[in-house]
Amino acid sequence: MCGIVGYTGSQNAAPVLLEGLKKLEYRGYDSAGIAVVQDQTIAVSKVMGRIAGLCEKTADGSLLPGTTGIGHTRWATHGAPTDINAHPHTSNDGRFAVVHNGIIENYLELRQELTQKGYHFESETDTEVIVHLMEMYYQGDFKRAVMKASSRLQGSYALGILCSQEPDKIFVVREASPLILGVGIGENFFASDVTALVAHTRNAVYLEDGEFAELTPDSIQVYDCAGHPIQKPISRISWDIQAAEKGGYEHFMLKEIMEQPRAVKATIAPRIKNGEIVLDDLDIDMHCVNKIVITACGSAYYAGCAGKYALERLCRIPVQTELASELRYADPLIDSHTLLIVLSQSGETADTIAALRECQRRGAKALAIVNVVGSTIAKIADYCLYTWAGPEIAVATTKGYTTQLTVLYLFALYAARQLGTLEQERYRSLVSALKMLPKQMQQALDMNPGIPKLAQKYHHSESMFFIGRNTDYAVALEGALKMKEISYIHAESYAAGELKHGTIALIHERQPVIALCCNESVTEKTMSNIVEVKARGAEVLALAFRDNQKIVSLADDMLFLPRTEPIFCPVVEIVPLQMLAYHVAKENGCDIDKPKNLAKSVTVE
Ligand code: F6R
């Protein structure tokens with residue numbers, strides 16, 4: 001979704017802004033723009049399409065001289081992706097420029113009011129109201145105008161505001177949308193995401209909702225919503241620059257798939273001490289919990305669906321999985337005996353935040369499993385476990401999903417230990433099995449060199465079915481999502497036992513069916529389904545353990561998996577499916593890291 005950056009210092013701002021925007025490209029966008037102040041004038045350049053176009057239009061920033069500026073990548077919500085709708089927006093008198101992440105919910109009323117007062121609107125965006133409010137409230141005091149304008153806004157916003165009268169100053173405002181300040185020496189920055197900051201500084205200040213800040217080259221002053229100065233701690237950004245670069249891989253997604261053994265190891269290793277799961281940050285009394293509700297969106301939700309099996313099996317507590325966008329409006333049966341588990345790579349997903357708040361309001365305690373340190377979900381949950389996957393740049397998640405699932409396994413063992421639902425010997429053997437997962441994920445990558453060839457066979461398909469039972473079904477959900485979002489092939493996951501209740505009508509000659517057969521408690525049953533679809537002409541690509549000869553002889557093609565502890569198998573099982581989706585998308589010439597219409601961090605409902 002939209003990304004914002006800002007710079008004030010002694011360098012020319014435009015090249016710094018363009019570099020920062022490039023780092024935010026992965027979030028998904030359809031237009032971009034920058035604004036720079038010089039000689040009490042704000043110069044703006046915007047383009048529809050890619051940042052490369054903006055670099056071209058501004059001669060890599062050299063056509064916009066000046067040392068203070070703001071930039072934006074826009075993912076269209078209100079109004080089509082055009083040059084005019086792109087940010088920054090400027091006031092009618094040219095005095096102010098604004099970039100905005102989020103949505104102004106009351107923009108229609110404000111637009112009407114401002115139009116009646118004679119302000120002229122150029123764009124169809126909700127954002128433009130902000131810049132006219134700035135003009136309306138400005139009487140020589142920039143800070144006061146920022147406070148008055150923001151007090152009129154409802155919705156979510158992270159703002160960067162320039163004023164031509166104060167050329168060395170930027171005001172930023174945060175309300176329900178991420179905003180991080182980068183602290184430099186003789187220069188300061190802001191961005192919606194640390195990836196745009198790490199090339200310049202590791203020192204960051206995380207703003208809270210309702211706070212705003214004044215940035216000059218030599219100072220950062222944060223204020224509370226009443227305008228009183230407040231002191232904020234400076235946090236250290238631990239992500240390094242290489243982690244956010246491709247490192248020789250053709251795509252970020254491929255790099256991130258390959259990084260998974262390391263990411264899962266980084267997630268597990270510090271949390272196993274002397275054979276025990278140690279989750280220092282938690283003091284949850286599991287004896288007070290009578291139900292666990294897992295909520296999230298997209299792949300994070302599917303990680304929850306797979307993790308549910310481990311939690312129920314190990315803890316013997318009912319676990320419910322709910323899409324956050326549904327749960328928030330479902331009048332859910334949640335009380336103080338419910339433990340809510342919230343999964344989110346970015347920690348900024350709007351629906352997940354809303355569901356979390358709704359459940360907390362009903363008395364639930366919330367455990368967040370999040371990748372981005374200092375993100376909104378990490379802050380508002382009662383407990384937080386980080387996934388330590390490092391920056392995930394490809395829009396389609398891979399290591400985000402597998403590390404979320406890994407943390408769910410760690411938590412399941414931790415909770416089971418507390419509840420006494422696991423015998424000592426079984427507990428120890430499961431902890432050992434957990435430690436084996438990184439190696440097994442690497443084996444899953446190594447033992448399937450034929451995936452590019454399979455992709456050549458299957459990439460012409462118009463649709464694919466992913467089938468499986470139990471944990472295999474949970475993995476099928478994520479396998480199908482990966483396929484459709486990056487290759488644009490319609491892919492549907494189906495519980496194999498449900499085929500006969502409808503979907504089998506769609507099976508025809510050469511219809512690809514990806515059959516997941518790694519959960520051996522149900523593979524015999526799934527094999528019957530394979531026979532049924534093959535009898536109707538389907539082409540079956542099965543995923544199973546190499547020594548499962550029955551399946552090898554039944555399927556047309558195979559993907560293999562090393563033998564893994566059944567409870568933890570999904571985290572290994574997804575790996576060849578991610579790779580298959582990647583190669584099919586590559587065959588189809590798709591923009592793998594930035595699939596059309598998708599955004600990395602979905603900060604609007
Ligand atoms: C799919 C994907 C999305 C995210 C979803 C939630 O590959 O990445 O479905 O999983 O948008 O995002 P987070 O985990 O940031 O809350």
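The values are calculated or read from the model by the stated rules, or taken from the named source; none is laboratory data. Note that this is a predicted model, so its numbers are computed, not measured. Here the Cβ is made from the backbone with ideal geometry for all residues, glycine too, and neighbour counts use every protein chain on show. With ligands, DNA and RNA removed, areas are computed over all heavy atoms of the protein, side chains included. Shrake-Rupley method; radii C 1.70, N 1.55, O 1.52, S 1.80 Å.
Below are the figures for this structure:
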quantity	calculated
Derived scalar couplings ³J(HN,Hα) [the stretch 293-310; Karplus, 6.51 cos²θ - 1.76 cosθ + 1.60; whole Hz; x for Gly, Pro]	10, 9, 9, 4, 10, x, 4, 4, 5, 5, 4, x, 4, 6, x, 3, 4, 5
Rounded accessible area of Met136 (nearest 10 Å², 1.4 Å probe)	40
Among 42-49, 550-557, the order from most to least packed when residues are scored by Cβ within 10 Å on average	42-49, 550-557
Distance from the stretch 233-299 to the stretch 577-605 (C-alpha centre basis), Å	22
Nonlocal amide H pairs with Thr321, under 5 Å, H built at 1.01 Å	Ile294
Ordering of 184-194, 538-548 by packing [mean C-beta count within 10 Å, highest first]	184-194, 538-548
Over 16 Å [Cα-Cα, the stretch 157-261], rounded percent	62
Per-residue [θ]222 nm for the chain (sum of -39500 (n - 2.57) over DSSP H runs n ≥ 4, rounded to 500)	-11000 deg cm²/dmol
Computed accessible area, Tyr301, all protein chains, 1.4 angstrom probe, square angstrom	40
Gyration tensor (alpha-carbon) shape descriptor, the stretch 95-141, a/c threshold 1.5	oblate
Highest average packing first - 594-601, 176-183, Cβ atoms within 10 Å	176-183, 594-601
Nearest 10 degrees, 0 to 90: helix 523-535 Cα axis against the chain principal axis	90
Dmax and Rg, reported as Rg then Dmax, of the stretch 1-82 (C-alpha, Å)	11.8, 36
For the stretch 420-562, convex hull volume per residue from C-alpha positions, Å³	131
Cross-link pairs beyond the 19 Å C-alpha cut-off, checked among Lys23/Lys255; Lys22/Lys46; Lys399/Lys457; Lys265/Lys435; Lys439/Lys550; Lys484/Lys600	Lys399/Lys457; Lys439/Lys550
Global geometry of the chain, whether rounded, prolate or oblate, following the gyration tensor of its Cα atoms and the 1.5 cut on a/c	prolate
Rounded if a/c under 1.5, otherwise prolate or oblate - the stretch 55-186, Cα gyration tensor axes	rounded
Check: the chain dipole with +1 on Lys, Arg Cβ and -1 on Asp, Glu Cβ, in debye	1320
The stretch 397-464: mean projected area of Cα convex hull, nm²	6.7
Dmax and Rg, reported as Rg then Dmax, of the stretch 225-306 (C-alpha, Å)	19.2, 51
Backbone HN-Hα couplings from phi across the stretch 492-501 [Karplus 6.51/-1.76/1.60, Hz, Gly and Pro as x]	10, 9, 9, 5, 3, x, 8, 3, 5, 8
Rounded to 5, percent antiparallel among DSSP beta bridges of the chain	60
